[in-house]
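First up is the structure itself, then whatever we jot down about it.
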Amino acid sequence: MKVMVIVKATVDTEAGVMPTEAELAAMGAYNERLVEAGIMLAGEGLHPSRRGARVRFDGARRQFIDGPFAETRELIAGFWMWQVRSMDEAVEWLARAPFDADGTAPVEVEIRQVFEAEDFGEAFTPELRAQEQRLRDRIERND
């Protein structure tokens, strides 16, 4: 099963406070363990929302909204894509993450399962599956 591990923003991440060398080293070591275990597919940190934008879709209307965005608890500071056997395995790996080691900066992290082709049932026709595969192949070649 593929999961997205979503690291929620904090006041510090939204203020653009960068991690220390020690924090970067700890996260690098954690990421190495994820890669060695064959779990990590991708992972990135995100700039603060002030450098982002949103588009609100309402029928034919499009509303463009520049950051920053007010609700920090609804923002994302980074993510991983993991391949795991179960949600329990994802939770076990996440519990080892080096967040808030000293208890001074709580971080909330969410794990969400990614849809697989079979989740869409008959609506995902053979033609649509072939199209999806062609797109994935093109993405892979662009990598």
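The values are calculated or read from the model by the stated rules, or taken from the named source; none is laboratory data. The model shown is predicted, which means the values in this text are computed figures rather than measured ones. Counting neighbours? That spans all protein chains shown, and the Cβs are built from the backbone with ideal geometry, glycine included. All accessible areas refer to the heavy atoms of the entire protein, side chains included, with ligands and DNA or RNA removed. Shrake-Rupley method; radii C 1.70, N 1.55, O 1.52, S 1.80 Å.
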TODO: Could you look through the range 78-87, keep only residues that are more than 13 Å from E110 (Cα to Cα) and over 15 Å from the mean Cα position of the chain (by Cα), and pick out the one that is surrounded by the most Cβ atoms within 10 Å (Cβ to Cβ)?
DONE: S86
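Would you be able to tell me the number of residues in the range 107-128 that are in a loop (DSSP other than H, G, I, E, B) and touching a residue at least 12 places away in the same chain (Cβ under 8 Å)?
If we filter the range 107-128 for residues that are in a loop (DSSP other than H, G, I, E, B), which is where we start, we get 107-108, 114-116, 124-125.
Going one step further and asking which of them are touching a residue at least 12 places away in the same chain (Cβ under 8 Å), we end up with 107-108, 114, 116.
Within the range 107-128, residues that are in a loop (DSSP other than H, G, I, E, B) and touching a residue at least 12 places away in the same chain (Cβ under 8 Å) number 4.
Filter the range 93-112 for residues that are of a type in the set (D, E) and open to solvent by less than 60 Å² (accessible area, probe 1.4 Å) and give the result. Give the steps one after another, and end with the answer.
Quick first cut of the range 93-112, residues of a type in the set (D, E) only: 100, 102, 108, 110.
Scanning the range 93-112 gives D100, E110.
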Task: Count of the range 78-98 residues which are touching a residue at least 60 places away in the same chain (Cβ under 8 Å) and either of a type in the set (A, V, I, L, M, F, W, C) or assigned to a helix (DSSP H, G or I) (or both) - done: 9
- [ ] Could you tell me whether any residue of the range 23-40 is within 22 Å of P106 (Cβ to Cβ), out of contact with any helix residue (DSSP H, G or I) (no Cβ under 6 Å at 6 or more places or on another chain) and assigned to a strand (DSSP E or B)?
- [x] no
- [ ] Scan the range 12-40 for residues that are open to solvent by 50 Å² or more (accessible area, probe 1.4 Å), farther than 18 Å from W80 by Cα and touching a residue at least 12 places away in the same chain (Cβ under 8 Å) and report the count.
- [x] 2
TODO: Tell me which residues, restricted to the range 41-72, are surrounded by 11 or more Cβ atoms within 10 Å (Cβ to Cβ) and in a loop (DSSP other than H, G, I, E, B).
DONE: L46, H47, P48, G52, G67, P68, F69
TODO: Scan (1) over 27 Å from E140 (Cβ atoms); (2) open to solvent by 70 Å² or more (accessible area, probe 1.4 Å); (3) touching a residue at least 40 places away in the same chain (Cβ under 8 Å) for the single condition L75 breaks and write down its number.
DONE: (2)
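G43: within 15 Å of the chain's Cα centre (by Cα), over 14 Å from R96 (Cβ atoms) and among the small types (G, A, S), yes or no?
Criteria met by G43.
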